[in-house]
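The values are calculated or read from the model by the stated rules, or taken from the named source; none is laboratory data. Note that the coordinates shown come from a computational prediction; the quantities given were computed from them, not determined experimentally. Heads up, the Cβs are rebuilt from the backbone with ideal geometry, glycines too, and the neighbour counts pull from every protein chain shown. Heads up: the accessible areas ignore ligands, DNA and RNA and are worked out on the full protein's heavy atoms, side chains in. Shrake-Rupley method; radii C 1.70, N 1.55, O 1.52, S 1.80 Å.
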Amino acid sequence: MQNLKALSYKLRRDVVEMIMAGKAGHIGGDMSVMETMVSLYFHAMNISPENRNDPNRDMFVLSKGHCVEALYAVLAEKGFFPIEQVIKEYSQFGSKFIGHPNNKLPGIEMNSGSLGHGLPVAVGMALAQKMDGRPSRTYVVMGDGELAEGSVWEGAMSATQYALDNLCAVVDRNRLQISGTTEEVMHQDSVEARFKAFGWNVLSVDGNDIDAMNAAFDEARTVKGKPTLIVANTVKGKGSPVMENKAGWHHHVPTAEEYEQIMKDLEAHEKEVL
Amino acid sequence: MNKITNRQIACEVLSEHARVDRDVVVLCSDSRGSASLAPFAKEFPAQFVEVGIAEQDLVGIAAGLAKCGKKPYAASPASFVSTRSYEQAKVDCAYSNTNVKLIGISGGVSYGALGMSHHSAQDIAAMSAIPNMRVYLPSDRFQTRCLFEALLKDESPAYIRLGRNAVEDVYAEGNCPFEMDKATTVCEGSDALIVACGEMVKPAADAAALLKTQGISATVLDMYCVKPLDAAGLLNAAKGVKLVVTVEEHSPFGGLGSMVSQVIGANDPKKVLNLALPDAPVITGTSKEVFAHYGLDAEGIAKTVRENL
């Protein structure tokens, strides 16, 4: 069985290479969301390059689209495209590997970038799966700062109205957004209670613990009659003290010195869990 | 006088297709009554999605349904669906290229005295500016049927504006010339060209009849396909005329008039006058009263042509 803990750190290094080569990217959120992405693509979801057009595949929307580098790393590892191509082309002139998800690329269902869009879209997907009696599920990943968008709550309401138990949303709760902490910018401390009040099943776990994420996705699958929200409590910039819990690293491109240190830290983490 | 509204025809066509194709789905935002889609909701509860008063959710859900193979028609007042959910139209429908058809009901100043919040005098400009979004304004019930039949065959996003009130027929049962994305010539003349869309086509045709009695002959072109604009059809109709007049139930900016002026200016420069609503909240009244006040009725259009030839 694949060591998903080690994989999460290896893919973080791929993300850093991408950002260094493209001189752009949302590194902090990429690092916090990595275990969520690895758990989805290597544990929870029925998706692969072979079944990417199968109507019974699981559907995924990256609503916090700015963390597309983490998605590229995971999709490359799944075999949708070579990682070398991503690192070479990311953010370059004329590239398909742009700074937000783009469904001209294999493996990406919906374009995103503007926040607050993913949950309503995922509701539509889950509804279509229900209408057609499919066994498949729909997953959507949002940021915590994103929850200030009103459209998130429109989607939250309709998900329970239609009892979409085939829908599982994740909030990457890293507690930081571009201007500071979420609590300073727009408070989200009661996110669990808010979603419960909207009728959701809510799980709150350590989002940088791959075992906890795998277990949460497994549990969500067993809940009937309502959608599940997983609050993935994470550390922004997870993997290196150079960037951990620093709002300034929302989209900072590492200097050469920072790059050296980050790669050392990520390799050390990877070895530790191998 | 015709009593059947274009929205009733849209419901009829969608219902006919829903009976044989369970992927045809209608979504409303507490708007099934205004959209004349209550009969659809009643007959096809499993193909009808109510989202409540939440237009962003309406369009986002429609995009998700489309991504999973459904053929969603999302109907909500034009004033709201073209602005409140504009970003969803741009990103989730056009940019993601999902097969979502947005129906803007009670378009233009259909809601008359309800005020500017309920008027959609900006929808053509807004929707046309989005890459991969098409914009259609059918003129009467016969053309509405042809248009919906055509839209049900394609897989790209589109915005369709329908009015609230029944409009007089431009065409007739069994005699509605229609080719997708090609303007329809309503009548032919040699002095002036009147280009109209949506509910302005009938007054434009009446204006041409009026002008004929005064010795002026005018072509009337029904440009129901505002985007993609039928530039070839327009230039062909404009050949040899001295004056082009556009008529639309829309702001003077970024609508049919602007697009026609661009094409004429670049290819066959001549005088183009744009008849439209003012760049201001419109005067209180029924849509008929509003049209007459701003010269968007047959008399007003004829007067503009006559005085500028």
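Per-residue answers, yes or no, for (1) touching a His at 6+ places or on another chain (Cβ under 8 Å); (2) of a type in the set (A, V, I, L, M, F, W, C); (3) touching a residue at least 60 places away in the same chain (Cβ under 8 Å):
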position: A:63; (1), (2), (3): yes, no, yes
position: A:66; (1), (2), (3): yes, no, yes
position: A:87; (1), (2), (3): no, yes, yes
position: A:91; (1), (2), (3): no, no, yes
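Mind listing whichever residues of the stretch B:12-56 are in contact with a Ser or Thr (Cβ under 8 Å, 6 or more places away or on another chain), away from chain A (no Cβ under 12 Å) and open to solvent by 10 Å² or more (accessible area, probe 1.4 Å)?
B:34, B:36, B:39, B:43
Kindly list, by first and then second residue, each pair from a residue in the stretch B:57-70 that is more than 7 Å from chain A (Cβ to nearest Cβ) to a residue that is surrounded by 24 or more Cβ atoms within 10 Å (Cβ to Cβ) and β-branched (Val, Ile, Thr), limited to pairs with Cβ atoms under 8 Å and residues at least 6 apart or on different chains.
B:58/B:51; B:58/B:81; B:59/B:81; B:59/B:100; B:66/B:98; B:66/B:100
Return a yes/no flag: does the stretch B:127-148 have any residue that is of a type outside the set (Gly, Ala, Ser) and touching a His at 6+ places or on another chain (Cβ under 8 Å).
Scanning the stretch B:127-148 turns up no residue that is of a type outside the set (Gly, Ala, Ser) and touching a His at 6+ places or on another chain (Cβ under 8 Å).
Taking the stretch A:114-147 as the region of interest, how many residues are within 8 Å of chain B (Cβ to nearest Cβ), farther than 17 Å from residue A:220 by Cβ and in a helix (DSSP H, G or I)?
6
For the stretch B:75-93, indicate whether the set of residues that are small (Gly, Ala, Ser) and surrounded by fewer than 24 Cβ atoms within 10 Å (Cβ to Cβ) is non-empty.
no
Does the stretch B:189-199 hold any residues that are touching a Gly at 6+ places or on another chain (Cβ under 9 Å) and crowded, with 24+ Cβ neighbours inside 10 Å, and which are they?
B:195, B:197, B:198, B:199
Which count do you get for residues in the stretch A:161-180 that are in contact (Cβ under 8 Å) with a residue 60 or more places away in the chain and surrounded by fewer than 18 Cβ atoms within 10 Å (Cβ to Cβ)?
4
So, in the stretch A:54-105, of the ones that are away from every other protein chain (no Cβ under 14 Å) and among the acidic types (Asp, Glu), which residue ends up nearest to residue A:28 (Cα to Cα)?
A:69
Quick test for you: out of A:65, A:113, A:28, pick the one residue that is at pLDDT 95 or above, surrounded by 18 or more Cβ atoms within 10 Å (Cβ to Cβ), touching a Lys or Arg at 6+ places or on another chain (Cβ under 7 Å) and not hydrophobic (A, V, I, L, M, F, W, C).
Step by step, each of A:65, A:113, A:28 is checked, and only A:28 is at pLDDT 95 or above, surrounded by 18 or more Cβ atoms within 10 Å (Cβ to Cβ), touching a Lys or Arg at 6+ places or on another chain (Cβ under 7 Å) and not hydrophobic (A, V, I, L, M, F, W, C).
Quick check on the stretch B:107-129. Is at least one of its residues over 16 Å from residue B:277 (Cβ atoms) and either open to solvent by 10 Å² or more (accessible area, probe 1.4 Å) or small (Gly, Ala, Ser) (or both)?
yes
Being β-branched (Val, Ile, Thr), outside any loop (DSSP other than H, G, I, E, B) and open to solvent by less than 40 Å² (accessible area, probe 1.4 Å) narrows it down to one of B:135, B:186, B:167, so name that one.
B:135
So is residue A:185 touching a Ser or Thr at 6+ places or on another chain (Cβ under 7 Å) and open to solvent by 50 Å² or more (accessible area, probe 1.4 Å) or not?
Yes: the conditions hold for residue A:185.
Going through the stretch A:80-106 one residue at a time, which ones are in a loop (DSSP other than H, G, I, E, B) and open to solvent by less than 50 Å² (accessible area, probe 1.4 Å)?
Of everything in the stretch A:80-106, those that are in a loop (DSSP other than H, G, I, E, B) and open to solvent by less than 50 Å² (accessible area, probe 1.4 Å) turn out to be A:80, A:81, A:90, A:95, A:97, A:99, A:101, A:102, A:103, A:105, A:106.
Please work out if residue A:40 is touching a residue at least 60 places away in the same chain (Cβ under 8 Å), under 14 Å from the mean Cα position of the chain (by Cα) and in a helix (DSSP H, G or I).
It is true that residue A:40 is touching a residue at least 60 places away in the same chain (Cβ under 8 Å), under 14 Å from the mean Cα position of the chain (by Cα) and in a helix (DSSP H, G or I).
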